[in-house]
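Beneath this line is the structure, given in structure tokens, with notes to follow.
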Amino acid sequence: MEKTVVPTSGPAVAVTPTPTAPRRKRSALENLLVPLASLRLTVWLFVLSFFLVFAGTLAQTEFSIQQAVDQYFRSFFVWIPWQLFVRFGQIFFGFPTSWSVSGSFPFFGGWLLGSALLVNLLAAHLTRFKLSWQRSGILLIHSGLVVMMLGELVTGLYAIEGRMAIREGESINYVEQFDKLEIAVVDPSGKTEEDVTVVPVKLLQRRGTVTHPDLPFDLELVQFMPNSNEPRKATAEDKNPATAGLGKEEIAVEVPSRSGADPNQRMDIASAYVTIKEKGNGNVLGTWLLSQWYSRPQPIAVGGKTYDVALRSKRTYKPYTIGLIDFKHEVYPGTNKPKNFSSEIRLVDPSRERDRTVKISMNDPLRYRGETFYQASFLEGDIGTVLQVVRNPGWLMPYISCAVVTFGMILHFGLHLLRFLNQRATTAA
Amino acid sequence: MKGFARFLPWCVVGLCALHLVQAMLPERTASDKFNYDAAGRLPVVDGGRVKPLDTFARTNLMLVSSRQTYAQNMDAPKQPAIKWVLEAMTSGNNEESAVAKAEVFRIENDQILSLLELKPRPQWWRYSLAEIGDKIPVLVNEAKRVDRTDPKQRDQFDVRLLDLTQHLQLYVNIAQYRDPMLIAASDGDVNHWMALGQAIEAAQNGQSNPNTRAVAEILLAYKQGKPEEFNRKVADYRDSLEKVYGADLKKTDFEVFFNHFEPFYQCAVLYGLVLVLACLSWIGFSEPLNKAAFWLAGLTVIVHTWALIARMYIQGRPPVTNLYSSAVFIGWGCVLLCLVLERIYRNGLGNAVAGVTGLATLIIAHHLAASGDTLEMMQAVLDTNFWLATHVTIITLGYTATFVAGFLGVAYILMGVANALTRDRIKTLSQMIYGVVCFAMLLSFTGTVLGGIWADQSWGRFWGWDPKENGALMIVIWNALILHARWGGMIKQRGLANLAIAGNMVTGWSYFGTNQLGVGLHAYGFNNTLATGLTIFWGLMGACILIGLLPLGCWRTPDAPAKMPVLTGRKKEVLTTPS
């Protein structure tokens, strides 16, 4: 890349490059790499990335951030709706709010442009690699960028986010993933709390019926509602699918999922109608309404035993428990403006003989066993806290990248500046 | 003539320094007049911090009236904001009082004016409470309707109507002693301050606080028109606070001085003068005028620096904490960077761009200040001096450098069509732009990544693809694009200038545009003036680029064509492959 750098003092020089090495025949690999290493390609990839980021930003006016990220940045191709640009025009150029355009056009997604940039960068260094002071800065910058792009890849593929909602005085030993649902069947006579059999809702949706040796009965999905109203009293006119449990009295009605633009960041609350059949003979025991609205599981008796069944967010059990001692929500005097949120928690980990009190507050997370616990939200009425729990094997990569690239830029631009100032000093003298 | 040339810069700088000193001097009040200055120094708690009553008065008047002073009507003399608050507190409920007849509520929307059956007052647009008075029920009804509608569906009329009702409410709160928290807690705890109304209630319930009585007596003396007694009571009350609130009083006194001096206003005026001098230097007297512009910009930037430090002292925070402070900080950075360029190149361009950017950013800041106290307290997540000092400061400097490069690009294009580009200037200007873009690249990249690290620290994710983050990323990509296009020979001097101007548009988007989408963690709320301002800015920059794209024949610069290849760089592809 350095070969093409236009010396800052005299741009005209660049037009006639001075051949430094005698001509030699290119190998086949070089023939392949050279076009891939083109700076022209770099610039065009920048143009495309620039547009993708812009469109991905506008998309957030229509979709949730998560949807926008998945569709635009963590994908190979994306269909961009024309309406986004109409919306842009409505905000900034006074387009009438009634305007609406259907249709969309295909575009490159983030994975594709990111890999293309990576290939372009690596090819450039392979074809033009030369170690010198002049180039050391560029080398550092680009290796830092590679680290950063890989970091985003690792995050996209491996990072796991979950939440722990804890009331004051309670302690829990699991992390919930709100975007994944499961049906939990608990045998209350079991020894530990983890004596649970769970069926992911995704699996049930795909197969319709689930049979498993660990399950005391078979499950058949009748209806699944990703978002539902709080169950209301069923009336005679209702077609109530449920024949047993709470659902006999109450009925849940499906409502549209909330988009990310929901100002209160409320979440979907799912419900499902599930038919339970006796194992082996397929005798129908009844159809139950399971819902996240219900805070307690429902008892279902099968073969002389009673099980607790509930629809809930996916739980991952941990070898430690976190108890909430106190949650504080401070505001500035005379205002509603939050000053700080903090949770005083007790971390108990018998396997490592840990028992300590920790304070987690905004900008001050707890890192423990490869996971990081952040103060994310709180339960209504300040009765409890919500901690964000993140495991991201790539979390350190941006830190490294930032340091390397910044140092590289200071080195590169600093060397240029010094040379430039020296030149000016000599010409002035 | 020679002597004149030599002394001109010093005369200009000296006169301006004198003007500044004069602006700093406090006004003297005769002992038989109300001492508004002393009353303004009394501490109150408002918006979560201890501040002088003067600041409270100015920011509220600014909200209501878009000015820090008021007048009975268009032709009447200006009066200090603190007087407005004192009058509101003592006779605000009386429709016949002077303060109720003072034209302070700014209403420009013609639909609201017709709703209130008021006549438009061009160039003044301000109306008194007495004039609005009997239409308040109509207003409240409309406001209730607007309140029920989805904020996204509200039109200009709805938004302005809500503003007006809020402004009236704000006045009523002052008149009915609900705002500010005027009564100092005797235990020194900021959380225990009370509004006067609250304190009177508390006193009736047996919780007496000597400060309640003191403040009530001050207001009574004011109401009865007894200046000497008023002045004495104010002084006594202040002395009584000295013991518990000594440190706060030092700060509030300083803040009053800061308010009175209005350093950013002074700077705006002086930057305007710098611009005038720089422009005049192109007509004649080049050397002395340029010198004058340079040293005057130097003097102004000292005041500007002082003002930034003063804000940091009052707030106890790094310089950039909200949109307003980012604007004054960007202005400061632009001017400083331009002065460095001027020092290196000595061609007067640095001065001109310093004047333009300094003046423009301070005017923008003035408009941003209309939304309330600019030294507001920080939301919980922003409550960290470390990240405010690193990420926010660096990213703002990145915006700064991108803007400077962009305005140098504008200078290049305008000089190009105005026949003022010599070979020498083409060379130096493109060097300047190139250097500044490099600097912008460094700062915007580092600032953006530091922001990611902050997010990792507080939310557990390095990069969330939030609109503001994406905006910052777009600046980084754009700067990288400019540099690579130039290294690859795809653009030359003129292309560089054009792309740098487009960089201005990108930065404008990131700085103001992303907030207007109304989504994401950094959304500070929709602001119509900002959206319109941004559209105009984009229009101007777009026009510059169009001019820049005109065929060279239209450029009248005599020796330019030979020096300036067209934008397409097809033949230069050779460069990227080893021959």
Pull up the range B:473-504, narrow it to residues that are among the aliphatic types (A, V, I, L, M) and touching a Lys or Arg at 6+ places or on another chain (Cβ under 7 Å), then point me to the one that is nearest to the other protein chains (Cβ to nearest Cβ).
-> B:Met490
Can you tell me which residue within the range B:188-199, out of those that are surrounded by 15 or more Cβ atoms within 10 Å (Cβ to Cβ) and over 29 Å from the mean Cα position of the chain (by Cα), is nearest to B:Leu249 (Cα to Cα)?
-> B:Trp193
Within the range B:442-470, the residues that are within 7 Å of chain A (Cβ to nearest Cβ) and in a helix (DSSP H, G or I) are B:Leu442, B:Phe445, B:Thr446, B:Val449, B:Leu450, B:Gly452, B:Ile453, B:Asp456, B:Gln457, B:Ser458, B:Pro467, B:Asn470
Identify, from the list A:Val390, A:Val405, the residue that is within 8 Å of another protein chain (Cβ to nearest Cβ), at pLDDT 90 or above and surrounded by 18 or more Cβ atoms within 10 Å (Cβ to Cβ).
-> A:Val405
Residue within the range A:178-199 that is among the aromatic types (Phe, Trp, Tyr) and modelled with pLDDT of 85 or more present | no
Could you tell me which residue of the range A:212-244 is surrounded by the fewest Cβ atoms within 10 Å (Cβ to Cβ), considering only residues that are among the aliphatic types (A, V, I, L, M) and under 20 Å from A:Gln298 (Cα atoms)?
-> A:Val222
Would you pick out the residues in the range B:113-156 that are within 14 Å of chain A (Cβ to nearest Cβ) and in a helix (DSSP H, G or I)?
-> B:Pro151, B:Lys152, B:Gln153, B:Gln156
Exactly one of B:Ala203, B:Ala185 is surrounded by fewer than 22 Cβ atoms within 10 Å (Cβ to Cβ), among the small types (Gly, Ala, Ser), at pLDDT below 90 and touching a Ser or Thr at 6+ places or on another chain (Cβ under 7 Å), and that one is B:Ala203
Residues of the range B:439-470 being closer than 11 Å to B:Trp387 by Cβ and in contact with a Cys (Cβ under 7 Å, 6 or more places away or on another chain), which ones?
-> B:Leu450, B:Ile453
If you check B:Leu534, B:Leu530, which single one turns out to be within 9 Å of chain A (Cβ to nearest Cβ) and either within 28 Å of the chain's Cα centre (by Cα) or closer than 26 Å to B:Gln156 by Cβ (or both)?
-> B:Leu534
Only residues that are more than 7 Å from chain B (Cβ to nearest Cβ) and buried (at least 21 other Cβ atoms within 10 Å of the Cβ): list them for the range A:28-54, please.
-> A:Ala37, A:Leu45, A:Leu52
When the range A:272-286 is examined, which residues are found to be over 35 Å from the mean Cα position of the chain (by Cα) and either within 15 Å of A:Glu249 (Cα to Cα) or in a loop (DSSP other than H, G, I, E, B) (or both)?
-> A:Lys279, A:Gly280, A:Asn281, A:Gly282, A:Asn283, A:Gly286
Taking helices (runs of 4 or more DSSP H) that do not extend beyond the range A:41-141, which have at least 1 residues that are under 23 Å from A:Gly151 (Cβ atoms)?
-> A:65-68, A:110-128
How many residues does the range B:152-165 hold that are in contact (Cβ under 8 Å) with a residue 40 or more places away in the chain and surrounded by 13 or more Cβ atoms within 10 Å (Cβ to Cβ)?
-> 5
Please work out which residue is nearest to B:Ile394 (Cα to Cα), limiting yourself to the range B:323-355 and to residues that are surrounded by fewer than 23 Cβ atoms within 10 Å (Cβ to Cβ) and among the β-branched types (Val, Ile, Thr).
-> B:Val340
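Let's see how each residue does on (1) within 19 Å of B:Asp189 (Cβ to Cβ); (2) basic (Lys, Arg); (3) surrounded by fewer than 19 Cβ atoms within 10 Å (Cβ to Cβ):
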| position | (1), (2), (3) |
| --- | --- |
| B:Asp239 | no, no, yes |
| B:Asp248 | yes, no, no |
| B:Thr252 | yes, no, no |
| B:Phe257 | no, no, yes |
| B:Pro263 | no, no, no |
| B:Gln266 | no, no, no |
| B:Gly272 | no, no, yes |
| B:Ala278 | no, no, no |
| B:Ser286 | no, no, yes |
Looking only at residues in the range B:387-433 that are farther than 26 Å from B:Leu362 by Cα and within 11 Å of chain A (Cβ to nearest Cβ), which one is modelled with the lowest pLDDT?
-> B:Arg423
B:Ala203 passes all but one of the listed conditions (1) in a loop (DSSP other than H, G, I, E, B); (2) out of contact with any Leu (no Cβ under 8 Å at 6 or more places or on another chain); the exception is number (1)
Within the range B:30-78, restricting attention to residues that are out of contact with any Phe, Trp or Tyr (no Cβ under 9 Å at 6 or more places or on another chain), without any contact (Cβ under 8 Å) to a residue 12 or more places away in the chain and not hydrophobic (A, V, I, L, M, F, W, C), which residue is nearest to the other protein chains (Cβ to nearest Cβ)?
-> B:Arg67
State whether the residues of the range B:46-54 include one that is assigned to a loop (DSSP other than H, G, I, E, B) and modelled with pLDDT under 90.
-> yes
Does A:Leu126 satisfy the condition of being under 25 Å from B:Val506 (Cα atoms) and touching a residue at least 24 places away in the same chain (Cβ under 8 Å)?
-> no
Which one of these does A:Phe327 not meet: (1) exposed (fewer than 13 other Cβ atoms within 10 Å of the Cβ); (2) in contact (Cβ under 8 Å) with a residue 40 or more places away in the chain; (3) within 14 Å of chain B (Cβ to nearest Cβ)?
-> (1)
Count, please, the residues in the range B:206-231 that happen to be touching a Lys or Arg at 6+ places or on another chain (Cβ under 7 Å) and surrounded by fewer than 18 Cβ atoms within 10 Å (Cβ to Cβ).
-> 2
Which condition number does A:Phe341 fail, the rest of (1) within 11 Å of chain B (Cβ to nearest Cβ); (2) surrounded by fewer than 18 Cβ atoms within 10 Å (Cβ to Cβ); (3) closer than 15 Å to A:Ile166 by Cα being met?
-> (2)
From the residues in the range B:291-338 that are of a type in the set (D, E, K, R) and assigned to a helix (DSSP H, G or I), which one is nearest to B:Lys251 (Cα to Cα)?
-> B:Arg311
All positions within the range A:216-241 that are of a type in the set (A, V, I, L, M), over 13 Å from A:Glu254 (Cα atoms) and modelled with pLDDT of 85 or more | A:Leu219, A:Leu221, A:Val222
Does A:Gly156 meet the test of being within 30 Å of A:Ile269 (Cα to Cα), surrounded by 15 or more Cβ atoms within 10 Å (Cβ to Cβ) and not basic (Lys, Arg)?
-> yes
Please work out which residue is nearest to B:Ala380 (Cα to Cα), limiting yourself to the range A:319-357 and to residues that are in a loop (DSSP other than H, G, I, E, B) and in contact with a strand residue (DSSP E or B) (Cβ under 7 Å, 6 or more places away or on another chain).
-> A:Lys337
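The values are calculated or read from the model by the stated rules, or taken from the named source; none is laboratory data. In this text the structure is predicted, and so the values were computed from the model without any measurement. Note: ideal-geometry Cβ built from the backbone for every residue, glycine included; neighbour counts use all protein chains shown.
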